[in-house]
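See below for the structure under consideration.
The values are calculated or read from the model by the stated rules, or taken from the named source; none is laboratory data. As the structure is a computational prediction, the values presented were derived from the model and not from experiment. We place every Cβ from the backbone using ideal geometry, glycine too, and count neighbours over all the protein chains shown. Note: accessible area is taken over every heavy atom of the protein model, side chains too, but ligands, DNA and RNA are not part of it. Shrake-Rupley method; radii C 1.70, N 1.55, O 1.52, S 1.80 Å.
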Amino acid sequence: MSTTPPKTRMEDLATHITVSDPVQHSEGINKYTSYRVDVRGDISSANSGAQQNQQQQQQDSLPSNFQNANHTAVLRRYSDFLWLYERLHKERGGAIVPPLPEKQAVARFSAAFVEDRRSNLELFLRRLSVHPELSDSKCLQTFLRADDPTFHAAKSGANWDPDGSSTDYHNNANNDDVSLMSPNMPSNLNPKKKKDGIKQWFAETKTHILINSVGGDLVKSPDDDLFEEIERYIQNLDNQMKHVLQQTSALVRKGKEIANGMFEFGLAFSLLGQSEEDGLGVALGKMGNTADRLSVISAEQAEGEERDFEAPLRDYIRTIHAVKLALNKRAEKRLTYTTCLAELNQKQINCDRLRGVPGREDKSYHANLSLQRASEAADTAREEFTTVSQRLLREVDRFKREKADDMRITVMDYINLQIDYNTKMEQVWGKLVPELERIQTGDTQSGPPPAAVAASAGANANANAVAAEGTVGGQPAGDAFM
């Protein structure tokens with residue numbers, strides 16, 4: 001058996017967060033499953049000391065619409081987890097957000113699927129709780145601790161802010177900020193944010209088409225070459241890991257086929273043993289029973305390989321996809337910054353054209369205001385682009401470091417699994433050999449004992465020798481000389 005000490009991943013330390021008690025609900029024709037999310041004790045128990053102090057201060061400052069920070073229990077459904085996943089991309093652009101379990105259209109209420117999803121949702125939250133860029137995000141604190149009215153207000157985009165002020169969260173992927181509104185003002189009476197989002201989308205689309213059609217360039221930064229190298233590395237890693245997963249899946253399938261084949265093999269020997277008698281039938285039956293035990297071991301081995309090797313590789317590929325999403329977020333911010341600079345340049349030209357023209361003072365004044373707003377937007381876009389770029393560099397460095405450790409653990413788990421499997425197979429085969437040898441010895445003992453047979457053969461030989469001494473040529477000795 002393997003004696004390698006067990007290794008743990010960072011998320012394995014976040015045992016203070018659990019997802020349990022899946023319950024199915026029906027609302028008319030709609031059906032969904034809710035999960036209980038518990039946070040026990042200090043949410044920072046798995047983090048470093050600095051993160052613990054920071055998150056403890058956040059817990060102490062939670063408003064009254066959040067539950068007791070020492071232990072919270074809330075009900076969340078899959079769409080709530082999906083909201084958290086999408087919100088994290090908006091609040092922390094450039095961060096590598098852990099993957100969510102995938103959606104499934106059929107059999108999504110089966111016991112096996114619900115348990116698998118529960119386990120993966122728990123892993124998702126635990127990874128967030130130890131994530132250096134995401135663990136202190138407002139949306140995560142809201143998801144884990146807010147009461148139902150507060151959480152639903154946050155999810156619907158109504159006037160909500162975890163600090164108590166009224167804030168409108170919109171689903172504009174190019175705007176990470178929030179707009180302040182009057183507490184008594186309904187969200188549908190504030191169309192400015194939605195209108196600005198549409199205008200921003202058209203402006204960026206125009207810039208993107210211009211770049212692709214006339215060969216324009218996106219804004220440059222000192223780290224562009226580094227990010228191009230990162231993109232090539234991630235793409236190559238994705239291709240290689242998909243190939244490894246393909247071969248691993250084939251091995252797992254072959255393992256299951258071996259288990260089924262060994263079962264059929266054992267059944268054939270058992271039936272053959274029933275048609276034979278005495279020791280041969282017993283021996284064939286034992287061979288069949290041994291093959292049946294080996295089929296069970298092989299099936300368990302295939303399940304272990306699927307769970308401890310194939311599944312981590314699939315998760316690794318999903319994490320690589322998460323890195324690509326983070327890279328795309330930087331590309332979005334770069335496009336936004338480029339668009340803002342293009343608009344700023346156009347407004348500057350318009351302002352210069354109107355400046356000093358008699359009778360155009362009013363238009364010149366408004367052009368100056370528009371130029372000022374465009375300059376502020378460009379500054380904001382530059383800051384966001386810089387922030388996302390720096391966060392992404394930190395995340396890629398963390399990804400390389402932690403995923404190297406995770407891959408080492410996964411490979412070691414696979415090696416130990418193979419060692420244990422071969423040890424068990426050897427023990428089962430080794431136990432069969434002496435049993436078959438004893439049966440063979442018993443077949444020989446079904447006639448006269450070997451010692452008696454030898455004694456009898458010796459006695460007969462002596463008698464023949466005595467008789468031979470009194471005869472010559474088959475006649476009595478006396479007659480031979482007559």
Exercise for the section: Count, please, the residues in the stretch 377-405 that happen to be closer than 21 Å to MET241 by Cα and in contact with an Asp or Glu (Cβ under 9 Å, 6 or more places away or on another chain). Expected result: 2
Practice task
Could you give me the residue pairs with C-beta distances under 8 Å whose first residue belongs to the stretch 228-246 and is closer than 20 Å to ASP397 by Cβ, whose second residue is in a helix (DSSP H, G or I) and β-branched (Val, Ile, Thr) wherever it lies, and which are 6+ apart or on separate chains?
Solution key: ILE230/VAL396; ILE234/ILE320; ILE234/VAL323; LEU237/ILE320; ASP238/ILE317; ASP238/ILE320; MET241/ILE317; MET241/ILE320
Handout entry: Matching option when the condition is out of contact with any Lys or Arg (no Cβ under 6 Å at 6 or more places or on another chain), of a type outside the set (Asp, Glu), open to solvent by 80 Å² or more (accessible area, probe 1.4 Å) and more than 29 Å from ASP225 (Cβ to Cβ), among GLN348, GLN372
Key = GLN372
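Please verify whether ALA377 is in a helix (DSSP H, G or I), aliphatic (A, V, I, L, M) and surrounded by fewer than 20 Cβ atoms within 10 Å (Cβ to Cβ), treating the condition exactly as stated.
Yes; evaluated as a whole, the condition is true for this residue.
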Problem - The lone exception for TYR85 - which of (1) at pLDDT below 95; (2) surrounded by fewer than 19 Cβ atoms within 10 Å (Cβ to Cβ); (3) within 19 Å of the chain's Cα centre (by Cα) it fails - result: (1)
Practice task
Determine which single condition GLU102 fails, assuming it passes every other condition in (1) modelled with pLDDT of 95 or more; (2) assigned to a loop (DSSP other than H, G, I, E, B).
Solution key: (1)
Problem - Qualifying residues in the stretch 313-327 (those that are of a type outside the set (Val, Ile, Thr) and open to solvent by less than 40 Å² (accessible area, probe 1.4 Å)) - the one farthest from the chain's Cα centre (by Cα) - result: LEU327
Handout entry: Selection count, the stretch 220-262, where residues are of a type in the set (Phe, Trp, Tyr) and surrounded by fewer than 17 Cβ atoms within 10 Å (Cβ to Cβ)
Key = 1
Practice task
Please tell me if ARG330 is touching a residue at least 24 places away in the same chain (Cβ under 8 Å), open to solvent by 40 Å² or more (accessible area, probe 1.4 Å) and in contact with a helix residue (DSSP H, G or I) (Cβ under 7 Å, 6 or more places away or on another chain).
Solution key: no
Fill in the blank from the handout: Scanning the stretch 276-297 for residues that are farther than 14 Å from ASN260 by Cα, open to solvent by 30 Å² or more (accessible area, probe 1.4 Å) and either of a type in the set (Val, Ile, Thr) or at pLDDT below 90 (or both) gives GLU276, GLU277, ASP278, LEU280, VAL282
Handout entry: Of all residues making up the stretch 106-122, the number that are open to solvent by 50 Å² or more (accessible area, probe 1.4 Å) and within 16 Å of the chain's Cα centre (by Cα)
Key = 3
